[in-house]
Amino acid sequence: MELIKTENIIKTYQDNGVPVHAVNGISLEVNEGEHIVLAGPSGSGKTTLLNLLGALDKPTEGKIFFEGDDLSLKSKKELSDFRLHKLGFIFQAYNLIPVLTAMENIEFSMMLLGVPEAERHQRSESLLEELGIAELKNKRPNEMSGGQQQRVAVARAIINNPKLVLADEPTANLDSKTGGHLLDLMDKMNEEKNITFIFASHDQQVIERARRLVKIKDGLVDNE
Amino acid sequence: MLIKLAWRNLWRNKRRSTIVLLSVIVGVNAMLFMDGMTNGMLSQILFNQISLSTSHIQIHNKGFSDNKTVQGIIKDSEKVEKAISNNPDVTAYSRRVITFGLLSSASNSTGVYIYGVIPEEEEKVSRIKSSIIEGNYLSNAKNEIIIGKKLAEKLKVGLGDKVVALANTPDGTIGSEVFRVAGIFKTPSSEFDKAFIYIPLATSQSMLDLGESFHEFAIITKNYKQSNSVRDELTSKLDAGIEVLSYEDLLPFIIIQLDMYKESMFVVNFIISLALIFGIINSTLMSVFERIQEIGVLMSIGMRIWKIFGMVVLEALILGVFGTVIGVVSGYLINIPFSIYGIDLSFFAESLESFAMGSILYPQLSVENFIITLFMIPLISVIAALYPAYRAIKLEPVYAIRYV
Ligand SMILES: Nc1ncnc2c1ncn2[C@@H]1O[C@H](COP(=O)(O)OP(=O)(O)O)[C@@H](O)[C@H]1O
Ligand SMILES: [Mg+2]
């Protein structure tokens with residue numbers, strides 16, 4: 001089933017008056033359950049594309065459809081709720097709220113959804129268990145390693161059973177072994193929970209695992 | 001959970017939060033202290049005036065208050081007295097002869113207000129008996145007089161010395177009497193001590209040829225706040241030729257001053273509030289700018305912007321509420337010793353004494369101001385947080401997330 005469809009999207013930034021076409025006409029179709037890696041050198045437009053898909057930013061031209069809905073027609077509030085219900089984000093670093101523990105970070109998204117406290121505890125505990133990071137439960141981000149933080153970020157991203165997880169360079173700050181474990185985790189979630197994953201990365205390890213590789217260059221799809 | 005988040009965010013930068021908290025506490029303390037001082041000063045001035053001679057309510061023949069002529073005796077005073085003693089809210093009254101005359105000693109003479117009173121009645125409506133610092137209060141002996149300390153100095157007389165009082169009688173002749181100084185008083189008002197003398201009522205009546213008549217009923221009610229209502233009750237029972245005046249009618253200047261002081265307190269509170277507002281804006285703005293990336297994450301996970309707005313406001317509100325509660329409690333505690341022992345202002349006592357305030361100020365916190373402070377400061381914190389919160393929600397998520 002088709003989850004996302006972009007029609008020739010363009011994102012143009014003004015860099016000191018000079019227009020920069022960060023995304024320069026990308027048409028892409030993503031089906032539910034896919035595992036896609038957007039690969040390309042730094043500055044090729046991967047993050048910009050991911051932010052557009054995640055409705056954090058609006059394309060200058062073109063349309064994005066999510067489950068058939070035109071995202072450009074949604075209000076800010078609707079987009080916020082859309083992200084809360086349907087999406088999960090994992091950034092390169094600093095994903096977690098520093099003053100909250102691992103468990104509270106995970107519960108936070110559930111709280112925003114209005115999940116009752118008892119259920120929040122129960123669900124976050126079992127997910128931490130499932131991801132093998134139960135011992136991090138009461139730790140704050142500054143008491144965790146980078147890899148541990150990213151695992152908690154994965155847990156937070158998937159706790160509300162999103163349709164799509166967008167991961168922007170999730171392994172960039174990790175050594176290859178830790179990165180590998182993190183990718184294992186996400187691959188498992190992709191397979192077991194049928195959550196669609198879109199990665200943006202130029203990390204070889206990520207690219208190798210891609211079940212569908214989309215090469216990006218200068219804001220365009222290079223070849224698939 | 002939002003409260004938990006806001007609370008923990010406050011502890012991230014302990015130093016900054018503590019500074020804001022302290023400034024709120026100090027601001028609240030300053031507000032309460034200033035208010036206690038003004039309130040104490042005003043009520044001291046007012047109550048001193050009331051207890052010197054004004055009392056809560058005065059009854060005269062119509063026009064006497066404006067023009068104190070010796071002819072202005074109360075007609076049908078028995079009917080008036082009956083109305084007064086039948087009123088359940090009246091606790092005491094004193095009949096007074098009041099006139100202006102000349103008091104002379106061997107060495108000097110000066111104009112004075114002569115009060116003819118029944119000692120047992122007068123001591124219940126004024127502070128005169130307790131203000132005696134030398135000799136005794138009046139005992140009803142015919143030729144006793146009590147005078148103020150300042151007056152005694154001016155006339156160069158002491159206890160037992162002879163003074164002569166002269167005053168016009170209603171038919172224009174001069175009445176006079178010789179007195180011996182029985183007592184000397186000192187009140188918080190040096191003006192009063194210079195100009196008021198007390199003699200027995202009967203003596204004043206014979207000296208002024210008044211028969212059984214007199215000029216004034218000075219009345220004390222159960223509570224000074226009842227003055228106006230008791231005044232109205234009495235007015236309704238008495239003839240149109242009688243004037244019934246409450247202390248508010250009698251001391252318009254002080255009442256106006258009271259209002260002016262209240263307004264000046266408002267200005268002081270406003271300035272303190274303004275300082276607090278800028279302090280809170282500054283610190284909240286800093287805390288928002290330190291968390292740009294984090295706010296981006298919150299936006300990306302789908303936190304609605306009004307919740308982010310609320311989180312920022314909540315942080316300031318928590319500081320405001322805690323600061324206010326601590327400030328109000330400590331302000332109250334700090335005020336206790338001052339309100340008991342007073343603040344000695346004798347270095348400018350001269351001017352204060354002519355103000356009828358006394359040289360020791362007893363601060364009094366008003367419940368009203370307490371409650372206003374309790375609500376106003378948290379409100380101010382919220383107002384101060386609005387701009388930083390607005391800045392937080394105006395962040396573009398993509399920009400914020402990249403911001404490290
Ligand atoms: N906010 C912005 N303003 C101006 N230029 C930007 C902005 N964001 C990205 N760019 C430019 O767009 C291009 C693509 O950036 P990005 O999407 O971050 O690439 P990638 O993630 O592949 O490294 C780069 O040239 C970058 O400098
Ligand atoms: Mg990037």
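The values are calculated or read from the model by the stated rules, or taken from the named source; none is laboratory data. The shown structure was predicted, so the numbers you read here are calculated from the model rather than taken from an experiment. For neighbour counting, all protein chains shown are included, and Cβ atoms are generated from backbone atoms with ideal geometry for every residue, glycine included. Remember, those area values only see protein heavy atoms, side chains included, never the ligands or the DNA or RNA. Shrake-Rupley method; radii C 1.70, N 1.55, O 1.52, S 1.80 Å.
Overview of results
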quantity: Yes/no for B:Asn48 being open to solvent by less than 30 Å² (accessible area, probe 1.4 Å) and either aromatic (Phe, Trp, Tyr) or over 28 Å from the mean Cα position of the chain (by Cα) (or both); calculated: no
quantity: Candidates A:Ala157, A:Ala172, A:Ala200, filtered to the one that is closer than 22 Å to A:Met103 by Cα, small (Gly, Ala, Ser) and within 15 Å of the chain's Cα centre (by Cα); calculated: A:Ala157
quantity: Residue in the stretch A:15-29 that is nearest to ligand 1 (Cβ to nearest atom), counting only those that are of a type in the set (Val, Ile, Thr) and touching a helix residue (DSSP H, G or I) at 6+ places or on another chain (Cβ under 9 Å); calculated: A:Val23
quantity: From the options A:Gln150, A:Gln205, residue that is open to solvent by 30 Å² or more (accessible area, probe 1.4 Å) and closer than 30 Å to A:Ser42 by Cα; calculated: A:Gln205
quantity: Residue tally, condition more than 14 Å from chain A (Cβ to nearest Cβ) and not hydroxyl-bearing (Ser, Thr, Tyr), over the stretch B:272-308; calculated: 14
quantity: Cross-chain or 6+ apart pairs with Cβ under 9 Å, the stretch A:187-214 first and on the phi < 0 side of the Ramachandran plot, then among the aromatic types (Phe, Trp, Tyr) and within 13 Å of ligand 1 (Cβ to nearest atom); calculated: A:Val206/A:Phe199; A:Ile207/A:Phe199; A:Arg209/A:Phe199; A:Ala210/A:Phe199
quantity: Helices (runs of 4 or more DSSP H) wholly inside the stretch B:245-315 containing at least 1 residues that are in contact (Cβ under 8 Å) with a residue 24 or more places away in the chain and of a type in the set (Gly, Ala, Ser); calculated: B:252-289, B:292-300
quantity: Qualifying helices (runs of 4 or more DSSP H) (wholly inside the stretch B:1-108; at least 3 residues being closer than 30 Å to B:Ile343 by Cβ); calculated: B:14-49
quantity: The one condition in (1) outside the structural domain of B:Gly160 (by TED's automatic domain parsing); (2) open to solvent by 20 Å² or more (accessible area, probe 1.4 Å); (3) in contact (Cβ under 8 Å) with a residue 24 or more places away in the chain; (4) over 32 Å from the mean Cα position of the chain (by Cα) that B:Arg15 fails to fulfil; calculated: (3)
quantity: Those residues of the stretch A:153-202 which are of a type in the set (Ser, Thr, Tyr) and surrounded by fewer than 17 Cβ atoms within 10 Å (Cβ to Cβ), in sequence order; calculated: A:Ser176
quantity: Wholly within the stretch A:102-207, helices (runs of 4 or more DSSP H) carrying at least 2 residues that are within 14 Å of chain B (Cβ to nearest Cβ); calculated: A:102-113, A:117-130, A:146-158
quantity: Residue within the stretch A:15-26 that is within 16 Å of ligand 2 (Cβ to nearest atom), within 14 Å of chain B (Cβ to nearest Cβ), loosely packed, with under 14 Cβ neighbours inside 10 Å and not in a loop (DSSP other than H, G, I, E, B) present; calculated: yes
quantity: Meets criteria (farther than 30 Å from B:Asn87 by Cα and buried (at least 20 other Cβ atoms within 10 Å of the Cβ)) for B:Ser246; calculated: no
quantity: Among the residues listed as B:Ala384, B:Ala349, the single one being modelled with pLDDT of 90 or more and either within 14 Å of another protein chain (Cβ to nearest Cβ) or more than 16 Å from ligand 1 (Cβ to nearest atom) (or both); calculated: B:Ala384
quantity: Hey, A:Leu96 more than 24 Å from A:Ile4 (Cα to Cα) and either within 16 Å of ligand 1 (Cβ to nearest atom) or crowded, with 21+ Cβ neighbours inside 10 Å (or both) or not; calculated: yes
quantity: Pair list, Cβ under 9 Å, 6 or more apart: the stretch A:37-64 residue of a type in the set (D, E, K, R), other residue in a loop (DSSP other than H, G, I, E, B) and near ligand 1 (Cβ under 7 Å from one of its atoms); calculated: A:Lys46/A:Gly40
quantity: Candidate set from the stretch A:56-92 (those that are aromatic (Phe, Trp, Tyr) and at the interface with chain B (Cβ under 10 Å from one of its Cβ atoms)); member that is farthest from ligand 2 (Cβ to nearest atom); calculated: A:Phe82
quantity: Residue in the stretch A:34-46 that is open to solvent by 60 Å² or more (accessible area, probe 1.4 Å), within 16 Å of ligand 1 (Cβ to nearest atom) and part of a strand (DSSP E or B) present; calculated: no
